[in-house]
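Following: one structure in structure tokens, then a few remarks.
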Amino acid sequence: MGVKGGASLARTLCTAVAAMFFLMSTVPAHRAEAQVSTFPLDSIDGLEVVHAKTEVAVYRGRKAVRLTSLPEREGEVRGPKSEVPTPPDDMLAILKASSFKDGVIEAQVAGSPLPGAPSDARGFIGIAFRVQDDSHYECFYIRPTNGRAEDQLRRNHSAQYVSAPDYPWFRLRKENPGAYESYVDLESGAWTRLKIVVTGAQARLYVNGAEQPALIVNDLKLGETHGRVALWADPTTDAYFSNLTIK
């Protein structure tokens, strides 16, 4: 092979290698972008509502989905604080078009106790994930009124993990005190950014853009399941949700 032929072959190989690296660097990015699902939550369309009623509202300058208790259930609800076995009364709005196993969920939530709510109401609000049905799911939620309480023990119970139906908060607290809940600074009624990162049997909760997680769970009780994503709140909560993304 002559000098010119060798140079031509070298140029061809360099071009092929460059093209290969270009494809390797760009294709995954396009795929990742295509996998982002956005739910503005400016409409109640596409929601499967359980034990609740929904409406669109403007709350603190932001258009949102509001979750409130069904009128016929008022007076029956006990809230997550109750240890009395009762039928599930958690309010859920399942995103019908969602599909989730591993990844990142982000949403803006705002919760505060309803007027006339029991004294142990805390504004319980959060996001359920890997939802199998209305009684089988994983969930991170927050207790906004605990975040700045004068009682340090209450502060330590600001963020919570639960797994329905077998692992309510009180079982987890009794069997593993402090392992499935933690402190995080919260303001009742304020818009709060939640980010949930799930990989296999591990989930991490980040609050308000913090670099470090507020709560880490290394043994999700339902295992490595697949399901949908849902808005979650207790019936004693005035609950608002906005701008949810899944990726």
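Values quoted throughout were computed directly from the atomic coordinates according to the rules given, and no laboratory measurement underlies them. On a predicted model such as this, the values are computed, not experimentally measured, just so you know. Cβ sites come from the backbone with ideal geometry, for glycine too, and all protein chains shown count toward neighbours.
Going highest first, how would you order 218-228, 180-190, 127-137 by mean Cβ packing within 10 Å? Show your work: numbers first, answer last.
Numbers: 218-228: 15.3, 180-190: 18.6, 127-137: 20.8.
Answer by packing, highest mean first, reads 127-137, 180-190, 218-228.
How much of the pair distance distribution for the stretch 36-246 lies past 26 Å, counting alpha-carbon pairs only, in percent?
Details: 5518 of 22155 pairs.
Taking all Cα-Cα pairs of the stretch 36-246, the fraction more than 26 Å apart is 25 percent.
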- Please give the contour-minus-distance gain from ALA57 to SER43: 0.36 nm per residue of separation, less the Cα-Cα distance, rounded to one decimal in nm. 4.1 nm
- Query: Distance from the Cα centre of the stretch 118-135 to that of the stretch 167-199, in angstrom?
  - Reply: 11
- Note on the structure: Taking every C-alpha to C-alpha distance in the stretch 127-214 and binning by 5 Å from 0, the per-bin percentages run 3, 14, 23, 25, 21, 11, 3, 0
- Sorting GLY61, TYR167, HIS226 by the position of each Cα along the dipole of the stretch 36-246 (Lys, Arg +1; Asp, Glu -1; all at Cβ), the one nearest the positive end of that ordering is GLY61
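Mind sorting THR237, THR54 by how few other Cβ atoms lie within 10 Å of their own Cβ, fewest first? Provide the component values of the computation, followed by the final result.
Details: THR237 30, THR54 19.
Result, fewest neighbours first: THR54, THR237.
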